[in-house]
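Here the structure is laid out as structure tokens; the discussion comes afterwards.
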Amino acid sequence: MKFCKTLRRSAVYLPLLTVTFIKAQNSTTDMGSIHGNFQIDAQYYQADSLIGAPKVPEKFLSNAFGNINYTRGNFSAGVRYEAYNNVRQGFDTRYKGQGITNRFARYRTDLLDVTVGNIYEQFGSGLMLRTYYEPGLLYDNSLDGIRVISSPVKGVTLKGLVGKQRFFFTTGPGIVRGGDAEVNVNELFDSVLGKKKTKVILGGSFVSKYQTDIDPNLNLPENVATYGGRVNIIREGFNFSTEYAYKMNDPSFDNHYSYKNGEALFASLSYATNGLSFMVQGKRVDNMSFRSDRDASLQSLLINYLPATTRPHTYSMLALNPYATQLRGEVGGMVEVQYKFKKNTAIGGKYGAEITVNYSQANGLRQIPVGDSTTAMTFYKTSYGDIGDNYYHDFNIEFSKKFSKKWKGTAVYSNQFYNRNIVQFGAANEGYESLKSDIVVLDLTYKYRPSSSLRLEVQGLFARNQNMITNSNLVGKGNWGTMLLEWSPNGNWFVALFDQYNYGNPDKAARVHYYLGTFGYNKDAHRIAVSYGKQSAGIFCVGGVCRVVPASNGLTLSITSSF
Amino acid sequence: MKKIILALITFSLFSFITLNGDGDKIPAATLKKLDGSKVNSASFSNNGKPIIISFWATWCKPCKKELDAIAESYPEWVKETGVKLIAISIDDSRSSGKVVTDVKTKGWEYEIYIDENQDFKRAMNVNNVPHTFIVDGTGKIVWSHNSYADGDEDKLYENIQSLIKGEKLKH
């Protein structure tokens, strides 16, 4: 019996070995190639009642994954193995154990491109469908199914897919089906329009989900469809794009089982020329959470993606209170102007300088309650002219300049408004005060040898309202100061010391330093970093690489490698 | 028996890596040009001269630092070696509108593509940005590097020069 098992296993691995053997004899690319990457983030935890770090029974937790991809000509295939023993603090504890979480095979030509297995796809800007993987956040809503992409004539792309979404180590209950068509008008009518300066791209999508209704009280729609269209017009420096999506009634946990329709509108206009650019974006989202399980919440089983129209920040104080699109409803926008001061001008100096001015704002939708016999189950209505409470704003100016061959620097000022009740706790009546803050960042780099540098970041967050309700959450308690000193003696090694000091906490005992020391080594596509201390969540750029990181404390070991 | 098989598998995987290491063609993925048209990454070419492929994002400071640093000497690099830099933005639809405004404001003269749902990033096994590759004149990936430290651009260029001369690349 045992032998049989072994034999069966060998059978699985035999093709692999054969490929290797042939490969060993013939090292041209005819036999295809194998590449992959892996990453492990492991952490040793310490309890710290002062900062609210709990005791972790396992003491040591780790998240790890590895991808192996095989490519040969038009064919490719891959697997991903993930292991959580157990999952690190700050992640969904339903990630437990280990196994193959992604496998696919794909054959692509221009006429026909077929993928079976786990699929990542995006229609338009994602308002109706985007399946995506971000290991740093453990976000993976891949579709396990089949996808066909075809380009029957130049300028036309057709896509169709069907599958179920990943849900931790299994798939969700709903079936997702979708189709998308995109036409590049200039390419399609190449002989007439090919050389025209104005480029027009049109697109349309249809996405539907199916989930059985076993609810004893409600008569829930088992099929829910979304459909919409998009336009992209580009002429010289101008770029205009817009997309609209409509969703049929979809009672869900997110919308408290309302039968109201949903919709989303996204538009962006930009103008760019050498040294100057301008961009304006706007968006309106109403009841547009779209999941393949109506009872799912948090990051689970989202079919679509509603991008936030706020600037993604990387400096930790600017990103301490980050904004995310409110799926239930919001209207927002952003304006940005960038200008480059030329070399040998008063402000530009010898090397030139850059300035970015950015303003973004997001508000809720004013919901007007409805209750007559035909509309009672939709709860509320909204209108385009009716804007609700302020959720967020961010006005920021960033100035960067290279002063000499050795010195360069960046300074940022930001004024932020953050509606904590809505953004962090999801309801208007949670009892927290909104945060109004001024944030200042100074980032200086001193390159003292051709490949040796020191970088210093000094940041301050000054909260205008100090008397907020404090809770065990570690963000947003009065004033903060941050300092980062990073030393890269050569291209391989780096050392960084980071301290976030919550000096303005109304609770004097909680005025603590969050120290984090990082030591790392980079070589080719491999990187090892060891950190000790605590760090807040966000995009963390240290040692010359940017990563999405969750909040953490303790001793962290992080290894990433590609081959 | 099980152990022997496991050992064999591990060995074969490693022999793969060492045998293969570098030297494979650019995998195929669909990327978006700034004029909205689509391009297959497998078709990247530079008339027998090397290509630098640099993965970046509009929100990634080290990436922009690297591309800024290269931009200062890029015309020289092109003149001396014929190298071409292809910058792949991994911005998603939240920030992909900013790719064109960033590139134009900075005046980068690179070939720019947007990898909006990160198909190319996955195909190239990129974990984090910045991540830079060198592709030789025959279209094979011969070198790659993760992260950016000040001065890395000089090493990158030394490698391009070595490649032109047919010398071994520095790691």
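The values are calculated or read from the model by the stated rules, or taken from the named source; none is laboratory data. Source: prediction; values computed, not measured. We place every Cβ from the backbone using ideal geometry, glycine too, and count neighbours over all the protein chains shown. Surface accessibility is based on the protein's heavy atoms, side chains included, excluding ligands, DNA and RNA. Shrake-Rupley method; radii C 1.70, N 1.55, O 1.52, S 1.80 Å.
Carbon and sulfur: what percent of chain A's accessible surface (1.4 Å probe)? Let's see the in-between values first.
Values: 15710 of 25410 Å².
Carbon-and-sulfur percentage of accessible area, whole number: 62.
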* Output ³J(HN,Hα) for region B:148-159: one whole-Hz value per residue in order, computed from phi by the Karplus curve 6.51 cos²θ - 1.76 cosθ + 1.60 with θ = phi - 60°, and x for Gly and Pro. => 9, 10, 3, x, 4, 5, 5, 5, 4, 5, 4, 5
* Once exposed loop GluC sites (Glu not before Pro) are cut out (DSSP; at most 14 other Cβ, 10 Å), longest piece of chain A -> A:237-429
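Around residue A:274, under 14 Å between beta carbons, what's the net of Lys plus Arg minus Asp minus Glu among the other residues? All intermediate terms of the calculation are to be shown ahead of the outcome.
Details: positive: A:340, A:342, A:343, B:104, B:106; negative: A:236, A:354, B:102, B:109.
Local net charge: +1.
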* Asked: Kirkwood Rh over Cα pairs of region A:48-149 into Stokes-Einstein at 4 °C, 1.567 mPa s: D in µm²/s?
  -> 81 µm²/s
* What is the mean number of Cβ atoms from other protein chains located within 10 Å of the Cβ atom of each residue in peptide B:118-131, rounded to a whole number? -> 6
* Asked: Which residue, chosen from B:105, B:57, B:89, occupies the Cα position most advanced towards the positive end of the dipole of region B:54-116, where the dipole is computed from +1 (Lys, Arg) and -1 (Asp, Glu) charges on Cβ about the Cα centre?
  -> B:105
* Along Cα→Cβ, 7 Å out, is where each label goes; now give me the distance between the ones at residue A:372 and residue A:389 in nm to one decimal. => 2.9 nm
* Can you give the angle from 0 to 90° between the axis of helix B:61-81 and the longest principal axis of chain B, with both taken from C-alpha atoms, to the nearest 10? -> 80 degrees
* Would you mind getting the accessible area per residue of the protein assembly as shown, heavy atoms of the protein chains only, 1.4 Å probe, in Å²? => 44 Å²
* Asked: Across peptide B:98-111, how many C-beta atoms of other chains are within 10 Å of each residue C-beta, on average?
  -> 6
* Asked: Which of A:126, A:203, A:109 sits closest to the plus end of the dipole of chain A, meaning its Cα is farthest towards the positive end, when Lys and Arg get +1 and Asp and Glu get -1 on the C-beta?
  -> A:109
* Overall Cα dimensions of region A:242-392, principal axis frame, Å, largest first -> 71, 31, 24
* To do: Let me see the pair-distance distribution of region A:118-253: every alpha carbon pair, 5 Å bin width, integer percents in order.
  => 2, 9, 16, 17, 17, 14, 10, 7, 4, 2, 1, 0, 0
* To do: Excluding residue A:193 itself, calculate the net charge of residues whose Cβ lies under 14 Å from the Cβ of residue A:193, where each Lys or Arg counts +1 and each Asp or Glu counts -1.
  => +3
* Structure fact -> Here the gain from full extension of residue A:240 to residue A:55, 0.36 nm per residue of separation minus their alpha-carbon distance, amounts to 61.4 nm
* To do: Quote to one decimal, in nm, the extra length available between residue A:399 and residue A:346 on full extension: 0.36 nm per residue of separation minus the C-alpha distance between them.
  => 17.6 nm
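To the nearest 20 debye, what is the magnitude of the charge dipole of chain A about its Cα centre, counting +1 on the Cβ of each Lys and Arg and -1 on the Cβ of each Asp and Glu?
1840 debye
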* 3J(HN,Hα) from dihedral phi, region B:25-42, Karplus parametrisation 6.51/-1.76/1.60, rounded to Hz, x for glycine, proline -> 6, 5, x, 8, 7, 8, 10, 9, 7, 5, 8, x, 7, 10, 9, 8, 4, 5
* Once phi is turned into ³J(HN,Hα) by the Karplus curve 6.51 cos²θ - 1.76 cosθ + 1.60 with θ = phi - 60°, what whole-Hz value does each residue of region A:449-461 show in order, with x for glycine and proline? -> 9, x, 10, 10, 8, 10, 10, 10, 10, 10, 9, x, 10
* **residue B:79 paired with residue A:355, simple spin-label distance in nm, labels 7 Å along Cα-to-beta-carbon** => 3.3 nm
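With Rg and the Kirkwood Rh both taken from Cα atoms, where does Rg over Rh land for the protein assembly as shown? Mind dumping the intermediate values first?
Numbers: Rg = 25.9 Å, Rh = 27.3 Å.
Rg/Rh: 0.95.
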* To do: For the A and B pair, go ahead and give the buried accessible area with a 1.4 Å probe, both sides summed, in Å² to 100.
  => 6700 Å²
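Over all pairs of distinct alpha carbons, what does the Kirkwood formula give as the hydrodynamic radius of region A:112-152, in Å?
On the way: mean 1/r = 0.0891 Å⁻¹.
Taking the inverse mean of 1/r over all distinct Cα pairs, region A:112-152 comes out at 11.2 Å.
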* P(r) tail for region A:325-436, what percent of Cα pairs lie past 19 Å? -> 62 percent
